[in-house]
Amino acid sequence: MTKSKFVKHAFFACMLLCSALPSCASKVKVPLPPVLRDNSEIQDVNGFLPQKVLIRTMTQSYCKYYDFVLVDGRIYSKKAGTDNWELFLKTGLPFSKGVGNKFETPSKIFEICADADSLYAFDDQGFIYGTFIADGAPERPFRWKKLFGFPKFNNLQQNDQVVSKRGWSMGCRRGDILWYEDIYGNQHHYGTMGLETLYFLTSDGMHIRFTDSGLPPDFSRQIEVPLDGRFISENISVSGDTIFLIGNRGTMFTRLIDFDTMGCDPMFFQYTYDKVPQKYSGREYLSNYSPWALPAEDWKRQEGINLEGKARLTKMISIAQTGLGNESRELRVAGTDKDGKTGFYSKMLNAAEWKFVPADLVLDESVFLNPQKEEIGPEAEFSYEGYLLKNGTRMNDVTCSITGVSLASEGKCSVSVRRGTEVFESTLFCVEKWTYMRRYDPGFDGTARYYFITPEFDAAAFAKYSEGFRALLEEIFGSRNHELFVFSAEVTEHYFQFDAFSQKRDLKDVIVNPNKYTFFAGRGGVSVKPELFKRGIVMDMPILKKSTDPSLMLEPGKTYSIRDRSEIETKIAGSTAYRDEIKAEIKMYKNYENRAGLSRWGYSVVDLLTKLTFLNQINFPKIKQITSFGDELMETNANSFANLASFRDWTYPNIIELLDERIHCYKKLIKDFDNNKIESVLDPRLKNNFSDFYQQAGLPVSAEEYSSRGTAVMQMITIIPYYPGYVLSTYSGEFVMVMLKDSVKKTLDYVPGQKHPLKIETSFITVSAADTDSEEKHLNDIDKASGTLVWDGTTLSLYSNKRVGKQLLFKSTSAE
């Protein structure tokens, strides 16, 4: 291999941790607490203390039992069938009542929503409060709570993901509706608890975030909007978990969807992708135990409203449950009739015709729809290209593509498997796995979404393929068409990993196919193995890029005076806060890893006992259901947090090392000022990236070793400021990522030309690359090892630690 090829390989490996990534930037949590705005001037469309609330908004709401309005930050209520408004529960504000539910009464409430037997409110700081308002609810009514979610009740606060929302609404699915009807018309009793779900339409109108009373309190889960995620909604209203959306041109969609109906709760509900006969009606409690058909119902486009004369529509829409089952919902759209009089257009969910009902509504000009604005946004779904692994080894003759991925909490996509000119296609139904940890934005924040996968394909089509390809497809997919949650997937905006091997869910599954197949695909294609690609994503996270933020840095070698003290102290505070943020995240994920491991162990013991005693065959009360998928969910949680902790533990300490030295030097300036020095020079040896520290110590940027076997190259990584080390391109065509440990102090203490050489401990990530005539490189076989880098001022050497002694990996014959 020529020297130019080796240099090219070294550059490729150097770029690996960033250029292998798609250009999409990850999102990062905004830490500042949000503050809600008072929108009553726009939202009070029913007027001041109206005779009846006709349109549900963020400040005025109604349900079967009460009407509610906000007046100057306090909740007023009017019971159904009465005429007088009064402060709700005499104060109009949430307050503590009873032991174990202590919280400070908020000064004001800014947003409310009521549905069925539940009322929820947000204060001016975005914190949620809830109370039941009717007998028969899961808990005692008329007792406010500030806690939300499961399994650990906590505070829910609107964050940057939803605080600038276009709208939010709450749906309650319980006894007033009684049953849910799946796509095959099968009715399922709500059970004993039901649920309340909060839905938020984000500021761009193209995402719906949701959480419910049985989930960890965060906004990490999403529902894809209509038209494959491209529909731009102006507002949202929800009742009985049926969502109602409207666009600027009056296009309207509805859909009944929540965490349970989308299929995400297999520990408590039976699901199926087949049409299964049912013997119970929705009025019978046991229908809750019958299989719920998936996928959940799709978005339904509602009949448009014919407008004549001065008739106009607003974004102030409302939906309300009116009886039993899915269909009992009334839709309302506030607007004007052909004569310009205010009121609302109304129809039942599945009715064809709208009728106008005159009403004295207060409609600000800003709430009217603008048909000149677009309702369809840009492409929103993701596509990936990749390859197939068999037992961890890449099958070079098989490729795959995965299209139509929404990265929402449920949906479907397509996988195409290719070998030569042969192509096999399958639909993949995806439903997000439940987790008990609070998250931010999985799929986009450096963490993955984890899905259950159920395939849908035509097994009869296998016969048309060649013998070898048919055997492969039969081994992977076989008779698994519609086999519930038989596969799993791990997905981000950067990659899609589809584990196509059966999960072990019962004692009879101990003997399973020993071969494990994994499809791994990336945006725009991927050639590296999954672990290396995922480490590269970690290296591209915004929290790491913050290390080079100019607002945190001073200029080395510059003279600062006492007039600059405030600026220096600000930089110290910012850098310290950043370091603390990184340390806290390491600790958090380590804690998650430990807790997930303990939970997994504890559940596995219970799961084993139920299997050995055959209790897992009893599904009343749902023992079989819980044990069928519980172990897999616990294992997914444990593995997920172990990987997150490992990646951060691998990368974050490097940032801390740079920050420690930066803060130390900055504090030296302040110390000089405290000692009455008017001026002080910031240590010119301080650098803001590792490669500058190395070059300052005289370490070569590039070094080569020539021999009869060829040329090996050591290339310093300079394009990633927070990566400490080199990449070694060996004679055999391997790339070895060489990470230097605790290198800042050692390079600062080293004086070029001194008698003793510079020695730095190293760790390795070894990546095999088979050299072919094409430019494509196949990177495989990641290894972990440790060693030592030695620089004597002339020669650069690299050793790998062995159980006995060291092995020389590289010794330069030239360096620059």
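None of the figures in this text is laboratory data; all of them are computed from the coordinates on show. No experiment lies behind these values; they were computed from the predicted model shown. We place every Cβ from the backbone using ideal geometry, glycine too, and count neighbours over all the protein chains shown.
Between LYS667 and SER786, the distance separating the two model label sites (each 7 Å from Cα on the Cα→Cβ line) works out to 2.8 nm.
Zone of GLN51 (label point 7 Å along Cα→Cβ, backbone N under 13 Å): which residues in segment 341-377? 358-361, by backbone N distance to the label point.
Rg/Rh, computed from the Cα trace of segment 336-395 with Rh as the Kirkwood radius, has the value 1.43. Rounded to the nearest 20 debye, the dipole magnitude of segment 382-505 is 280 debye, with +1 charges on Lys and Arg beta carbons, -1 on Asp and Glu beta carbons, and the Cα centre as origin. Taking a straight line from the alpha carbon of LYS741, these aspartates and glutamates sit under 15 Å away, with near neighbours fewer than eight places off in the same chain left out: ASP649, GLU657, ASP660, GLU661, ASP749, GLU761. Using C-alpha pairs under 8 Å with a sequence gap of at least 6, the mean separation divided by the residue count of segment 40-367 gives a relative contact order of 13 percent.
Treating r as the C-beta distance of MET348 and MET267 and R0 as 35 Å, the FRET efficiency rounds to 0.50. With R₀ set to 35 Å, the beta-carbon distance separating GLU379 from LYS152 gives a calculated FRET efficiency near 0.40. Applying 0.36 nm per residue to the separation of GLU569 and GLU365 and subtracting their alpha-carbon distance, the gain on full extension is 68.5 nm. Label zone (ASN676, point 7 Å along Cα-to-C-beta; backbone nitrogen cut-off 15 Å) within segment 552-573: none.
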